[in-house]
Amino acid sequence: MKKSNQFVGLPIISIADGAEVGHVKSLVVNPKEGMVDFLTVEHADWQISVRAVPFKKIVGVGEFAVMIEDSTSIFDLTEIPIANELVQKKINVVGAKLIDRKGQLIGEATEFFINEDTGAILGLELSLRSKKVILSSEQLITYGRDLIVIKEEAQLNFLDKAEMLLGNLNEVAATVEQPEVTQELSEFQEKQLTLLTGRTTTKDIFERNGNLLFPNGTTLKKEDVRKAQEKGPAVLAELSMNVVG
């Protein structure tokens, strides 16, 4: 399970070519099915056409990249009428107001959770007046452009943790064991630090907002790698694939 914002900005890697073929620009939601059907693809060489990869063509979604078999998995939207139609509908889950069948305004969706294997929307994170809660997709009736209609009894089924969407109590319990999780993350970051320190960049590395982070030819110091780690997985993946030494 991943949040929608964990997809945006990830490099898309072609397994056959061993190369980056673009970045995830946005998620295209099929409101009828409650699924993410496509990921739109951003690439510096594609200035006019809009391209997308069907979710069913994705081999895997990791922390640092979306993996596809080869570049033929990416299509021009003009070749996929249903994808173009969904893009034009502009279903924006994040920021949508939630209203129940009785006409009561419940809150606003601030995030949504996706099964990274199937693209199914598992649930939403809602902002209420006093707190944030989780709502399973089973409580949703209609995805609209600016509104999401939910069942009348939805307020009785709010969840405290996103992991509860999986119905896996062991996974929920695991999230409580913060010291162990933190330790695992720290060890992984230390491995990245060891692998990248002393290597030299082979291209300019930018932050997602477009600011230059490391110029081409930068020999990375420990503090540089730490800085890249703070900027997020997409930036770190970009850095990892463009160093030598």
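The values are calculated or read from the model by the stated rules, or taken from the named source; none is laboratory data. Remember, it's a predicted structure, so these values are computed and weren't measured experimentally. For neighbour counting, all protein chains shown are included, and Cβ atoms are generated from backbone atoms with ideal geometry for every residue, glycine included. Side chains included, ligands, DNA and RNA excluded: accessible areas come from the protein's heavy atoms. Shrake-Rupley method; radii C 1.70, N 1.55, O 1.52, S 1.80 Å.
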Within segment 189-217, residues open to solvent by less than 30 Å² (accessible area, probe 1.4 Å), in contact with a strand residue (DSSP E or B) (Cβ under 6 Å, 6 or more places away or on another chain) and without any contact (Cβ under 8 Å) to a residue 40 or more places away in the chain come out as ILE205, LEU213, PHE214
Hey, any hits in segment 97-110 for a residue that's among the β-branched types (Val, Ile, Thr) and either in a loop (DSSP other than H, G, I, E, B) or modelled with pLDDT under 90 (or both)?
-> no
Taking into account only those residues within segment 44-65 that are part of a strand (DSSP E or B) and in contact with an Asp or Glu (Cβ under 9 Å, 6 or more places away or on another chain), which is modelled with the lowest pLDDT?
-> ARG51
Which listed residue is part of a loop (DSSP other than H, G, I, E, B) and either of a type in the set (Gly, Ala, Ser) or out of contact with any Pro (no Cβ under 8 Å at 6 or more places or on another chain) (or both), from VAL41, VAL28, VAL8, VAL21 = VAL8
Return the pairs, sorted by first residue and then second, in which the second residue is at pLDDT 80 or above and in a loop (DSSP other than H, G, I, E, B), the first residue lies in segment 230-245 and is farther than 18 Å from PHE7 by Cα and hydrophobic (A, V, I, L, M, F, W, C), the beta carbons are less than 8 Å apart, and the residues are 6+ apart or on different chains.
-> VAL243/ARG199; VAL243/THR202; VAL243/LEU220; VAL244/ARG199; VAL244/THR202
Picking from ILE148, ILE134, which residue would you name as being touching a helix residue (DSSP H, G or I) at 6+ places or on another chain (Cβ under 6 Å), open to solvent by less than 20 Å² (accessible area, probe 1.4 Å), over 30 Å from ALA16 (Cβ atoms) and not acidic (Asp, Glu)?
-> ILE134
Per the list (1) open to solvent by 40 Å² or more (accessible area, probe 1.4 Å); (2) polar (S, T, N, Q); (3) closer than 29 Å to GLY144 by Cβ; (4) free of Cβ contacts under 8 Å to residues at least 60 places away in the same chain, residue check on SER71 breaks on (3)
So is ASP17 open to solvent by less than 40 Å² (accessible area, probe 1.4 Å), at pLDDT below 90 and either farther than 28 Å from GLY123 by Cα or touching a Cys at 6+ places or on another chain (Cβ under 6 Å) (or both) or not?
-> no
Any idea which residue in segment 77-114 is most open to solvent (accessible area, probe 1.4 Å), counting only those that are touching a Gly at 6+ places or on another chain (Cβ under 9 Å) and aliphatic (A, V, I, L, M)?
-> ILE91
